[in-house]
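Asks: First the structure, which I've put down as structure tokens, then a few questions once you've had a look.
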Amino acid sequence: MFNEIQFDRIQRLPKYVFAEVNELKMYERRAGADVIDFSMGNPDGDTPEHIREKLIESAQKTKTHGYSDSKGIIKLRKAICDWYKERYEVDLDPVTEAVATMGSKEGYAHLAYAITNPGDVIVVPDPTYPIHSYGFVLAGGNVQKMELPFDEDYNVDEDQFFVNLETAFKDSFVKPKYVVVNFPHNPSSATVTPEFYTRLVALAKKERFYIISDIAYGDITFRGYKTPSIMSVPGAKDVAVESFTLSKSYNMAGWRVGFFVGNPKLIGALQKIKSWLDYGMFTPIQVAATVALTGDQSCVEEIVNKYDKRQDVLVETFNRAGWPVKLNRASMFVWAKIPECAAHLGSLEFSKRLLVEAQVAVAPGIGFGEYGEGYVRIALIENENRIRQAGKNIKRFLQQFEEENIDG
């Protein structure tokens with residue numbers, strides 16, 4: 001009934017590709033299958049004990065049970081700024097240049113809603129984490145996609161990036177107002193050098209656009225690589241904001257704690273819209289998050305080492321199974337090209353068949369955009385024994401395609 005009443009904003013969203021894999025995964029599990037699940041970046045480890053203890057301690061104080069500050073309690077915002085000072089030698093004002101969010105995803109959606117006028121153009125590299133595009137789509141903006149160029153070792157070709165960005169600006173009928181970047185990259189794990197941000201800030205000042213940077217996986221780096229921050233570039237606060245989340249570094253995915261820092265105009269817009277839409281996180285969660293950022297960071301090192309070891313095992317095991325995969329330098333994902341023998345399936349059909357026939361769940365690359373086709377994203381969220389078992393299952397799965405090629 002009421003067919004004349006349509007929801008235009010929702011209709012701008014495409015079919016959620018990952019839902020097909022998730023529904024199939026649930027069907028297989030209900031049927032008794034032991035699915036080895038690499039499909040979602042959901043950390044499998046415990047939140048460190050000292051953070052949990054602080055949550056409990058704070059929750060026992062009944063004065064923390066009321067409404068909180070939508071932009072984050074001041075102690076948390078000061079901790080965020082201290083975190084940036086410690087890591088990147090960046091000075092930030094906790095009042096005007098920092099805002100705590102309910103995970104970085106909520107922050108992105110509300111930031112896009114706050115700063116996007118109907119018809120505004122946003123340049124987003126492809127492939128991309130979906131909220132980086134669809135947060136702006138939901139807000140009434142138009143996304144101009146550009147291919148993210150990187151080599152087989154997951155290093156961004158920075159010269160080509162700026163060529164592609166220039167082309168995206170030329171191809172847009174309306175001058176873009178915002179450019180989104182995300183390094184270490186989700187889904188590909190691609191990384192950049194500090195010089196990349198120096199060039200991007202200079203270009204933003206020349207062409208007059210704002211930069212929205214996401215370093216959600218900034219702590220998860222291997223083999224000597226250190227994630228740079230755009231905030232380290234002199235003058236970056238004039239043109240950029242940056243987001244981070246405690247989900248990965250501290251195994252706090254379900255806690256929903258993130259933050260944005262940087263340009264006071266954009267931060268102010270996010271603070272203002274949040275004041276209308278929410279009352280902030282439960283105060284004890286914010287208190288515990290403050291301890292996470294300011295306390296002993298050895299827990300982060302332990303989590304990073306776990307992902308590093310898992311990646312080593314996965315790369316070795318999958319290569320032995322006949323699926324060529326290379327090591328990356330950052331993130332909790334492996335971005336793997338579909339084995340040549342099964343490339344004809346495409347990423348969605350390959351993922352579905354891998355799930356049903358090998359009981360291994362991965363995220364199809366097409367779900368991250370046009371340039372994700374031909375790849376799958378593998379999250380390092382299963383232990384080493386499960387990874388080895390997945391390798392055995394995959395080897396049997398791929399043999400059928402190799403035999404078909406021989407027969408053909």
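The values are calculated or read from the model by the stated rules, or taken from the named source; none is laboratory data. Here the structure is a predicted model, which is why all the values come from computation and not from measurement. Cβ sites come from the backbone with ideal geometry, for glycine too, and all protein chains shown count toward neighbours. These accessible areas exclude ligands, DNA and RNA; they are computed on the full protein's heavy atoms, side chains included. Shrake-Rupley method; radii C 1.70, N 1.55, O 1.52, S 1.80 Å.
Asks: Can you tell which of GLU158, GLU147 is under 18 Å from LEU203 (Cβ atoms), touching a residue at least 60 places away in the same chain (Cβ under 8 Å) and open to solvent by 20 Å² or more (accessible area, probe 1.4 Å)?
Replies: None of the other options fit; the residue is GLU147.
Asks: Going residue by residue through segment 319-329, is there one that turns out to be under 29 Å from GLY32 (Cα atoms), crowded, with 20+ Cβ neighbours inside 10 Å and not hydrophobic (A, V, I, L, M, F, W, C)?
Replies: no
Asks: A further question on this structure: From the list ILE303, ILE338, ILE267, ILE273, which residue is β-branched (Val, Ile, Thr), farther than 28 Å from GLY254 by Cα and open to solvent by less than 40 Å² (accessible area, probe 1.4 Å)?
Replies: Values: ILE303 fails: farther than 28 Å from GLY254 by Cα; ILE267 fails: farther than 28 Å from GLY254 by Cα; ILE273 fails: farther than 28 Å from GLY254 by Cα.
On inspection, the qualifying residue turns out to be ILE338.
Asks: Sort out which residues of segment 240-264 are open to solvent by 30 Å² or more (accessible area, probe 1.4 Å) and under 20 Å from the mean Cα position of the chain (by Cα), and write them in order of number.
Replies: Correct list: GLY254, TRP255, ARG256.
Asks: What are the residues in segment 87-99 that are free of Cβ contacts under 8 Å to residues at least 24 places away in the same chain and either acidic (Asp, Glu) or open to solvent by less than 60 Å² (accessible area, probe 1.4 Å) (or both), if any? Reasoning before the result, please.
Replies: So the first thing to find is which residues in segment 87-99 are free of Cβ contacts under 8 Å to residues at least 24 places away in the same chain, and the list is 91, 94-95.
Of everything in segment 87-99, those that are free of Cβ contacts under 8 Å to residues at least 24 places away in the same chain and either acidic (Asp, Glu) or open to solvent by less than 60 Å² (accessible area, probe 1.4 Å) (or both) turn out to be ASP91, PRO94.
Asks: Would you mind stating whether TYR108 is without any contact (Cβ under 8 Å) to a residue 60 or more places away in the chain, assigned to a helix (DSSP H, G or I), hydroxyl-bearing (Ser, Thr, Tyr) and open to solvent by less than 60 Å² (accessible area, probe 1.4 Å)?
Replies: Working: without any contact (Cβ under 8 Å) to a residue 60 or more places away in the chain: no; assigned to a helix (DSSP H, G or I): yes; hydroxyl-bearing (Ser, Thr, Tyr): yes; open to solvent by less than 60 Å² (accessible area, probe 1.4 Å): yes.
So TYR108 does not fit the description; no.
Asks: Can you tell me which residue within segment 63-86, out of those that are farther than 14 Å from ALA289 by Cβ and open to solvent by 80 Å² or more (accessible area, probe 1.4 Å), is nearest to the chain's Cα centre (by Cα)?
Replies: Taking the candidates together, the pick is GLU86.
Asks: If you check every pair at least six apart or on different chains, which have Cβ atoms under 9 Å apart with a residue in segment 1-16 that is within 18 Å of ILE131 (Cα to Cα) first and a residue that is assigned to a loop (DSSP other than H, G, I, E, B) and open to solvent by less than 100 Å² (accessible area, probe 1.4 Å) second?
Replies: Close Cβ pairs satisfying both conditions: ARG9/ALA139; ARG9/GLY140; ARG12/GLY140.
Asks: If you scan segment 1-57, which residues turn out to be of a type in the set (Asp, Glu), in a helix (DSSP H, G or I) and closer than 30 Å to ASN305 by Cβ?
Replies: Selection gives GLU49, GLU53, GLU57.
Asks: Check segment 386-396 and report whether any residue there is over 20 Å from ASP37 (Cα atoms) and surrounded by 18 or more Cβ atoms within 10 Å (Cβ to Cβ).
Replies: no
Asks: Checking MET102 against (1) touching a residue at least 40 places away in the same chain (Cβ under 8 Å); (2) closer than 30 Å to PRO176 by Cα; (3) over 22 Å from the mean Cα position of the chain (by Cα); (4) open to solvent by less than 90 Å² (accessible area, probe 1.4 Å), which single condition isn't satisfied?
Replies: (3)
Asks: Taking interchain pairs and intrachain pairs at least six residues apart, which have beta carbon atoms under 7 angstrom, with the first residue in segment 246-259 and on the phi < 0 side of the Ramachandran plot and the second among the aromatic types (Phe, Trp, Tyr) and outside any helix (DSSP H, G or I)?
Replies: Once the first residue is on the phi < 0 side of the Ramachandran plot and sits in segment 246-259, its partners that are among the aromatic types (Phe, Trp, Tyr) and outside any helix (DSSP H, G or I) give LYS248/TYR217; GLY258/PHE244; PHE259/PHE244.
Asks: What are the pairs, 6+ residues apart or on separate chains, where a residue within segment 59-83 that is touching a residue at least 40 places away in the same chain (Cβ under 8 Å) has its Cβ under 7 Å from a residue that is open to solvent by 100 Å² or more (accessible area, probe 1.4 Å)?
Replies: So the pair list comes out as TYR67/TYR279; SER68/TYR279; SER70/TYR279.
Asks: Please work out which residue is nearest to THR191 (Cα to Cα), limiting yourself to segment 145-168 and to residues that are assigned to a helix (DSSP H, G or I) and aromatic (Phe, Trp, Tyr).
Replies: In this case the residue turns out to be PHE161.
Asks: Follow-up. Could you count how many residues in segment 351-392 are part of a helix (DSSP H, G or I) and either closer than 29 Å to SER249 by Cβ or of a type in the set (A, V, I, L, M, F, W, C) (or both)?
Replies: Matching residues across segment 351-392 total 19.
Asks: Tally the residues that are of a type outside the set (A, V, I, L, M, F, W, C), open to solvent by 10 Å² or more (accessible area, probe 1.4 Å) and in contact with a helix residue (DSSP H, G or I) (Cβ under 8 Å, 6 or more places away or on another chain), restricting the search to segment 341-368.
Replies: Going through segment 341-368 one residue at a time, the tally reaches 6.
Asks: Can you report the number of residues in segment 26-49 which are within 30 Å of GLU301 (Cβ to Cβ), touching a residue at least 40 places away in the same chain (Cβ under 8 Å) and open to solvent by 60 Å² or more (accessible area, probe 1.4 Å)? Don't jump to the end; show me each part of the working.
Replies: First pass over segment 26-49, keeping only residues within 30 Å of GLU301 (Cβ to Cβ): 36-49.
Narrowing the set further to residues that are touching a residue at least 40 places away in the same chain (Cβ under 8 Å) leaves 36-48.
Adding the requirement that they be open to solvent by 60 Å² or more (accessible area, probe 1.4 Å) leaves 40, 42, 44, 46.
Summing the residues that are within 30 Å of GLU301 (Cβ to Cβ), touching a residue at least 40 places away in the same chain (Cβ under 8 Å) and open to solvent by 60 Å² or more (accessible area, probe 1.4 Å) in segment 26-49 gives 4.
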